[in-house]
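Since the structure comes first, as C-alpha cells, the remarks are kept for the end.
The values are calculated or read from the model by the stated rules, or taken from the named source; none is laboratory data. Just so you know, these numbers come straight off a predicted model, no measurement behind them. Side chains are part of the model used for accessible areas, which takes the heavy atoms of the whole protein and leaves out ligands, DNA and RNA. Shrake-Rupley method; radii C 1.70, N 1.55, O 1.52, S 1.80 Å.
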Amino acid sequence: MKVGDPGAQPERTALAWSRTTLALIVAGFLCVRLAPTSAGAAAAGAVVCGGAALQIRRARAKLHARRHGVSAGEGAADPGSVLFATGLTVLLGVVAVLLALH
C-alpha cells in the first residue's frame, strides 16, 4: 500500500522556503518604513537585501536542477542557506526590539 506521494515533500519544502524568505522581505520593508533612526533602517534594509539574495539563490538552484534534469533534493536547503536565514531572522528580531524600545 502506497502512502502519499514521495515527490510532494521536496516541493512543499521549497514552497516553505519561498514563504519564509518572502515574509522576511515584507517584515524588513515594514521595519525600514517604521524605523526612527537611519541605523535601524539600514539594518532592516540588510534583512530585505539578504532575503532577496536567498530568493535569488533558491531560484538559481531550481533553474540549475531543471536544466540538468536533477529533481532529487530540490526542496532541501544547504546548511549555508539555513544559517544565513537564521541570521537574518535574528537581525530582524533585534531591529524589531529596538523599534519597540524607541
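Here are a few things to note about the model shown:
- Maximal additional length on extending the ARG66-SER38 stretch stands at 5.9 nm, based on 0.36 nm per residue less the C-alpha distance.
- Which of PHE29, PHE84 is most accessible, then next, and so on - probe 1.4 Å: PHE29, PHE84
- Expected 222 nm ellipticity per residue - DSSP helices of 4 or more, -39500 (n - 2.57), all of the chain, to 500: -28000 deg cm²/dmol
- Values (1) 16, 52, 27, 4, 0; (2) 13, 28, 20, 17, 10, 9, 3, 0; (3) 15, 39, 24, 14, 6, 1 are given for comparison; P(r) over Cα pairs in 10 Å bins from 0, in percent, derived from the coordinates here, is the one labelled (3).
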